[in-house]
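The values are calculated or read from the model by the stated rules, or taken from the named source; none is laboratory data. Values in this document were obtained by computation on a predicted structure and should not be read as measured data. Note that we place each Cβ from the backbone using ideal geometry, even for glycine, and neighbour counts take in every protein chain shown.
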Amino acid sequence: MRIDVLTLFPEIFHSYLGQSVLKKAIERGLVEIHLHNIRDWSHDKKHHKVDDRPFGGGPGMVLMAPPVVECVEAVQAMANEPGHLVMLTPQGRKLNQAVVEELAQHPRLLLLCGRYEGFDERIRLILKPDEISIGDYVLNGGEVAAMVVIDAVIRLVPGVLGDEESSRQDSFSGPDRLLDHAQYTRPRCYRGYEVPAVLLSGNHRAIERWRLMDRRRRTEERRRDLLEGSTTLRLGESTRDEKVSKNSLGKCGDAGTCPESSATESRKESEKGCQA
Ligand code: ADE
């Protein structure tokens, strides 16, 4: 996948692009990221100005249409196909995992980052971008939002995570878009909290059942809004048949007596179980 970022501050991306998952994806040729400075398309050859005061008055500066439109057109022409143009703006449709999946289908994305008080309206009218917001709050510019889009999208590019299953099992993913289930690792017992016994049982069907019920319960408790679109759980028909109550996340007695409360637990100890 190729991603072109159009910004006034390309340097903001440098350390982010050097981080592990993305860096490896770039090195392995799975993802290409190209940064473009909108200022390079300024008509003002002396000061490279790209913004001006709003007509009609008001605070702040507005990004001018000519450098932005011409930058987008020039970048579109840099590859065989123009790509899918995304404008990062708080007025766009809200980013969620379904939108991320949709964006990940495109072999090329252009991410247009704004600054100042916004874009001249003619940029939107001429370029007809897919306007995306990362949430109902206003950032100082689209750069952080563009990094959020890149980070979420590249997880879905085949090969990037190594294990294809891990992105399919994420919260909000899969047909039901539920929150992910609780995860545990060693030690088996920590400060009185024990790992649910079923996860240690080796019974894969029982583990899968427990995980599904935990996903449903967590989603119902935290994000009932997500259940409205769910095919496996409608509102009200919760975890009736197979309760995964808070109590089933076993308490294993006080931390002082817990044989596995230290990170250096031995295998033998982990087989002994938690003493209540
Ligand atoms: N630019 C400023 N605020 C933003 C937001 N919430 N989402 C996307 N781009 C933005």
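Only residues that are within 22 Å of the chain's Cα centre (by Cα), modelled with pLDDT of 80 or more and surrounded by fewer than 13 Cβ atoms within 10 Å (Cβ to Cβ) were counted across segment 200-251, and they come to 5. Out of curiosity, is Val62 within 17 Å of the chain's Cα centre (by Cα), hydrophobic (A, V, I, L, M, F, W, C) and modelled with pLDDT of 95 or more? Criteria not met by Val62.
The single residue among Leu35, Leu6 that is surrounded by 15 or more Cβ atoms within 10 Å (Cβ to Cβ), in the same structural domain as Met147 (by TED's automatic domain parsing) and without any contact (Cβ under 8 Å) to a residue 40 or more places away in the chain turns out to be Leu35. Restricting to segment 74-100, give me the number of residues that are surrounded by 13 or more Cβ atoms within 10 Å (Cβ to Cβ) and within 25 Å of Val62 (Cα to Cα). Residues that pass the stated criteria total 12. Would you list the helices (runs of 4 or more DSSP H) that sit entirely within segment 76-161 and hold 2 or more residues that are within 15 Å of the chain's Cα centre (by Cα) and in the same structural domain as Met61 (by TED's automatic domain parsing)? Counting at least 2 such residues, we get 97-104, 143-154. How many residues does segment 174-193 contain that are within 22 Å of Thr219 (Cα to Cα) and touching a Gly at 6+ places or on another chain (Cβ under 7 Å)? Residues that pass the stated criteria total 1. Filtered by the rule that a residue be in contact with a helix residue (DSSP H, G or I) (Cβ under 6 Å, 6 or more places away or on another chain), of a type in the set (D, E, K, R) and away from the ligand (no atom under 13 Å from the Cβ), segment 109-153 gives Asp120, Arg122.
Kindly evaluate Lys23 against the criterion of being assigned to a helix (DSSP H, G or I), over 25 Å from Ala77 (Cα atoms), without any contact (Cβ under 8 Å) to a residue 12 or more places away in the chain and assigned by TED's automatic domain parsing to the domain that holds Ala104. It is true that Lys23 is assigned to a helix (DSSP H, G or I), over 25 Å from Ala77 (Cα atoms), without any contact (Cβ under 8 Å) to a residue 12 or more places away in the chain and assigned by TED's automatic domain parsing to the domain that holds Ala104. Take the residues in segment 117-131 that are closer than 13 Å to Pro90 by Cβ and surrounded by fewer than 20 Cβ atoms within 10 Å (Cβ to Cβ), then tell me which one is modelled with the highest pLDDT. Top of the filtered list is Glu131. State yes or no: is Ala98 over 23 Å from Arg53 (Cα atoms) and away from the ligand (no atom under 14 Å from the Cβ)? Yes, satisfied. Quick check: anything in segment 164-174 within 16 Å of the ligand (Cβ to nearest atom), under 30 Å from Val5 (Cα atoms) and assigned to a helix (DSSP H, G or I)? No, the conditions are met nowhere in segment 164-174.
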